[in-house]
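A.B. asks: Can you read through this structure? Questions will come right after.
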Amino acid sequence: MKTIVITGANRGLGLEFTRQYLEAGNRVIATARHPEQSRELSQLKSHYGEKLMIYTLDVTDDASRNAFSKTVGNKVIHLLINNAGYYGDNKELGKLDTAEWLNVFEVNSIAPIKMVEVLRSNLVNAESATVVLLSSKMGSMTDNTSGGAYLYRSAKAALNAGAKSLSIDLADEKIKVVMLHPGWVLTDMGGPNALIDAQTSVQGMRRVIDGLKASQSGDFIAYDGTVVPW
Ligand code: NDP
C-alpha cells in the first residue's frame with residue numbers, strides 16, 4: 001500500500017486519480033481549496049474510511065502549504081501528484097492582463113515546485129518516490145502551431161523547465177520526476193468537445209507512473225505513453 005498526495009482532488013482529473021488510487025488499495029491524502037464542498041470526496045470518505053485523508057490546501061498560499069506540511073508530519077509519501085491547475089482568461093495579443101498572467105503562473109508553474117519543497121523529506125523517506133506534474137502539450141514549443149493562449153502555454157512551459165531541474169536535483173535522493181500530458185480530457189477545464197474521459201486519461205497516466213524508470217526521470221510523457229516533444 002502506497003501513500004499518495006493529490007492536489008486539486010475535488011473535481012476533474014484530481015478526483016479521478018483519488019478514486020482510482022483508492023480502488024487499487026492505496027492510502028490517499030486528497031487536498032483541495034474547499035474539500036467540504038465536494039460531495040464526491042465525502043462519498044469516497046464514507047466508503048474508504050481511514051484510507052482517505054482529506055485536507056484543505058490552496059497550493060498557491062505559503063501559509064496553507066506550510067500548515068499542510070505540518071499536518072502531514074513525518075508520514076512517508078510515495079507519490080505526489082501535482083494536479084491542481086488553472087487555465088486562466090487567455091485574451092488575445094494586445095489585451096493580455098498581467099495580474100491574470102501572474103495568477104496562472106502561481107498555480108501552474110510555481111506552486112507545484114513549492115509543494116515539492118515542503119514535502120521533500122516525506123518523499124526522501126519513501127526511498128523511491130515519484131513526483132508527477134500535470135503539464136500540457138500546450139506548453140510544448142513543437143506542438144504550438146496555432147499561437148495564442150499566452151498565459152497557459154507559457155506557464156506550463158515554465159513548469160516543465162522547473163520540473164526538469166527537480167529531476168536532476170532529486171536524482172541522488174531517488175525521487176523520480178515526470179511531467180504528464182493527460183490528453184484533451186472531458187473536465188471543466190477540457191470542456192465538452194474534449195476527446196477522452198477522465199477515467200481513460202487517469203488509467204493511462206497511472207500506467208506511465210507505474211512503469212516509470214529512473215532513466216525516464218525528467219521526461220515529458222502523454223497519458224498513452226508517448227514522449228511529448230519539448
Ligand atoms: P479542472 O479545471 O477540472 O480542475 C482544476 C482543479 O485544480 C480543481 O480541483 C481546482 O480547485 C484546482 N485548483 C485550481 N487552483 C487551485 C489552487 N490555488 N489550490 C488548489 N487547487 C486549485 O481541471 P482538470 O482536472 O482538467 O486539470 C487537471 C490538470 O491537468 C491541470 O493541471 C491542467 O492544467 C492539466 N491538463 C488538463 C487538460 C484537460 O484537457 N482537461 C489538458 C492538459 C492538461 P477548485 O475547485 O477549488 O477551483
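A.B. asks: Can you list the GluC sites (Glu not before Pro) in the range 102-152 that are in a DSSP coil and have 14 or fewer other beta carbons within 10 angstrom?
C.D. replies: Sparse-neighbourhood loop GluC sites (Glu not before Pro): 127.
A.B. asks: What shape does the chain have by the C-alpha gyration tensor, where a ≥ b ≥ c are the square roots of the eigenvalues, rounded means a/c under 1.5, and otherwise prolate means a/b greater than b/c and oblate the rest?
C.D. replies: Judged from the Cα gyration tensor, the chain comes out rounded (a/c under 1.5).
A.B. asks: Determine, for 223, 48, the number of other Cβ atoms within 10 Å of each Cβ, and report the residues in order from fewest to most.
C.D. replies: 48, 223
A.B. asks: Build a GNM of the chain with springs between Cα atoms under 10 Å: which of 142, 18, 187 gets the top mean-square fluctuation?
C.D. replies: In the Gaussian network model the winner is 142.
A.B. asks: According to the square roots a ≥ b ≥ c of the eigenvalues of the Cα gyration tensor, what is the shape class of the range 3-105, taking rounded for a/c under 1.5, prolate for a/b larger than b/c otherwise, and oblate for the remainder?
C.D. replies: Prolate shape, in that a/c is at least 1.5 and a/b is the bigger ratio.
A.B. asks: Measuring from centroid to centroid over Cα atoms, what is the spacing of the range 155-230 and the range 32-62 in Å?
C.D. replies: Cα centroid of the range 155-230 versus Cα centroid of the range 32-62: 23 Å apart.
A.B. asks: Looking at the square roots a ≥ b ≥ c of the eigenvalues of the Cα gyration tensor of the range 141-230, which shape do they give, rounded for a/c under 1.5, prolate if a/b is larger than b/c, or oblate?
C.D. replies: Judged from the Cα gyration tensor, the range 141-230 comes out oblate (a/c at least 1.5, b/c at or above a/b).
A.B. asks: Just to confirm the number: angle between the C-alpha axis of helix 39-48 and the first principal axis of the chain, 0 to 90 degrees, nearest 10?
C.D. replies: 30 degrees
A.B. asks: I would also like to ask the following. Using Cβ counts within 10 Å as a stand-in for footprinting exposure, how do 145, 56, 3 rank, fewest first?
C.D. replies: By the 10 Å Cβ count, ascending, the order reads 145, 56, 3.
A.B. asks: GNM, the chain, Cα, under 10 Å: largest mean-square fluctuation among 131, 118, 107?
C.D. replies: Highest fluctuation among the options: 118.
A.B. asks: Using helices alone, what [θ] at 222 nm do you get for the chain, with -39,500 (n - 2.57) per DSSP H run of 4 or more residues, divided over all residues and rounded to the nearest 500?
C.D. replies: So the calculated ellipticity at 222 nm is -12000 deg cm²/dmol.
A.B. asks: What is the sum of charges around residue 90, taking Lys and Arg as +1, Asp and Glu as -1, for the other residues whose C-beta is under 14 Å from the C-beta of residue 90?
C.D. replies: Within the 14 Å Cβ shell, the charges total 0.
A.B. asks: Rank 167, 56, 46 by how far each Cα sits towards the positive end of the charge dipole of the chain (+1 on Lys, Arg Cβ; -1 on Asp, Glu Cβ) and give me just the farthest.
C.D. replies: Farthest along the dipole direction, towards plus: 46.
A.B. asks: To test your reading of the geometry: what angle, between 0 and 90 degrees and rounded to tens, separates the Cα axis of helix 150-169 from the longest principal axis of the chain?
C.D. replies: 50 degrees
A.B. asks: Angle check, please: helix 198-210 long axis (alpha carbons) against the longest principal axis of the chain (alpha carbons), in degrees 0 to 90, nearest 10.
C.D. replies: 70 degrees
A.B. asks: First select every other residue whose beta carbon is under 14 angstrom from the beta carbon of residue 113; then total the charges, Lys and Arg +1, Asp and Glu -1.
C.D. replies: +1
Bear in mind these aren't lab numbers, they're just calculated from the coordinates by the rules spelled out. Because the structure is a prediction, the values reported are computed rather than measured. Backbone-built Cβ (ideal geometry, glycine too); neighbour counts: all protein chains shown.
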